[in-house]
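Student: Take a look at the following structure, please.
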Amino acid sequence: MSAWIEMISDENADEPLKKALDFARTPHGTVDNVMRVHSLRPQTMNGHVVLYRACLHDDSNTIPMWFQEVISSYVSTLNTCPYSYANHWSNARHLIGDEDRADKVEAALKAHRPEDAFEGGQLALLQYTEKLTLNPGKMEKSDVDALKAAGVPDGEILEANQIIGYFNYANRLLNGLGVTTDGDTVGYYAKD
């Protein structure tokens, strides 16, 4: 566990915190530092878990899971958030399932040149991701119109918007409190 503020261990948790920690557990049975950093205020941990799962792990989302993880990784790259990038790029790489393609995508994201690896609606979504992350006050109706013109349906525009908004929140939480992956199992698909 590593952050610039206290994070309470399972052993030292009171009942409300134990309940929040159990709600936040990963499929690995652990509580990642991104959630544990809320341990002084379990109510924000609960809210964070609900928001995260609704934005990124909801079966009703229609953006392919691998591309949801690419969007997450791009936001985290733009914000220079090593914690989120480590976790979500690991997930994207696993879900892409092709090392050469994953290498090309990663190089494009790190260079802030999604056009090197994407086209059509996916490229339009990554361009929207960049503008909303770096220049949120300059967003215009034409930004959404460009997504529609590239064939992105309204529901997927909303999904992407929520993923982008969530990761901007999470990146600021993590960077602002110095949260690291020390002690975490990195990536949802981590190998045993």
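Read-outs: derived from the displayed coordinates by stated rules, not from any lab. Since the model is a prediction, treat every value here as computed from it, not as a measurement. As a convention, Cβ positions derive from the backbone with ideal geometry for all residues, glycine included, and neighbour counts pool all protein chains shown.
Student: Over the chain, calculate the relative contact order: mean separation of alpha carbon pairs under 8 Å at least 6 apart, over the residue count, as a percent.
Tutor: RCO, the chain: 33 percent.
Student: Can you tell me the mean projection area, over all orientations, of the convex hull of the chain's alpha carbons? Units nm², please.
Tutor: If I average the Cα hull's projected area over directions, I get 11.1 nm².
Student: What are the ³J(HN,Hα) couplings of the range 2-8, residue after residue, when phi is run through the Karplus curve with 6.51, -1.76, 1.60 and θ = phi - 60°? Round to Hz, x for glycine and proline.
Tutor: Result, rounded to whole Hz: 8, 6, 7, 10, 5, 10, 7.
Student: Measure out, as a whole number of angstrom, how far apart the alpha-carbon centroids of the range 137-192 and the range 7-43 sit.
Tutor: 23 Å
Student: Given H placed 1.01 Å from N in the peptide plane, which residues other than close sequence neighbours of residue 8 have an amide H under 5 Å from its amide H?
Tutor: Result for residue 8 returns 39, 40.
Student: Can you pull the one-decimal nm distance between simple spin-label points at residue 12 and residue 172, each 7 Å off the Cα toward Cβ?
Tutor: With each label point 7 Å from Cα toward Cβ, the separation is 2.9 nm.
Student: Taking θ = phi - 60°, what integer Hz values does the Karplus form 6.51 cos²θ - 1.76 cosθ + 1.60 yield along the range 31-45, in sequence order, with x for Gly and Pro?
Tutor: With the stated coefficients, the range 31-45 comes to 10, 5, 4, 4, 8, 4, 4, 7, 4, 6, 9, x, 5, 6, 4 Hz.
Student: Same structure, new question: Would you calculate the separation in nanometres between label points at residue 115 and residue 182, each defined as 7 Å from the Cα along the Cα-to-beta-carbon direction?
Tutor: 4.2 nm
Student: Using only Cα atoms, tell me the angle between helix 154-177 and the longest principal axis of the chain; keep it within 0 to 90° and round to the nearest 10.
Tutor: 50 degrees
Student: Oh, and also: Can you check what the net charge comes to around residue 115, using other residues whose Cβ is under 13 Å from the Cβ of residue 115 (Lys, Arg +1; Asp, Glu -1)? Spell out each step's value before the answer.
Tutor: Details: positive: 104, 113; negative: 116, 119, 130.
Net local charge, residue 115 excluded: -1.
Student: Once you have the Cα-Cα distance between residue 107 and residue 123, take 0.36 nm times their residue separation minus that, and quote the gain in nm to one decimal.
Tutor: Values: separation 16, 0.36 × 16 = 5.76 nm, distance 1.46 nm.
So the chain would gain 4.3 nm between residue 107 and residue 123.
Student: Using packing as a proxy for protection, rank 156-169, 63-76 so that the peptide with the highest average count of other Cβ atoms within 10 Å comes first.
Tutor: Descending mean neighbour count gives 63-76, 156-169.
Student: Let me ask another. Do me a favour and compute the ellipsoid semi-axes for the range 65-177 from its Cα gyration tensor, root of five times each eigenvalue, largest one first, whole Å.
Tutor: Whole-Å semi-axes of the equivalent ellipsoid: 20, 18, 12.
Student: Moving on to the next point. How high is the relative contact order of the range 65-177, in percent, with contacts defined as C-alpha pairs under 8 Å that are six or more residues apart?
Tutor: Numbers: 112 pairs, mean separation 37.5, N = 113.
33 percent.
Student: To the nearest 10 degrees, how steep is helix 120-134 against the longest Cα principal axis of the chain, on a 0 to 90 scale?
Tutor: Helix 120-134 sits at roughly 50 degrees to that axis.
Student: Which angle between 0 and 90 degrees, to the nearest 10, do you get for helix 65-78 versus the longest principal axis of the chain when only C-alpha atoms count?
Tutor: Long axis of 65-78 versus the principal axis of the chain: about 80 degrees.
Student: Quick one: which residues, 5+ away or cross-chain, put their amide H under 5 Å from the amide H of residue 181? H built at 1.01 Å from N.
Tutor: Under 5 Å from the amide H of residue 181: no residue qualifies.
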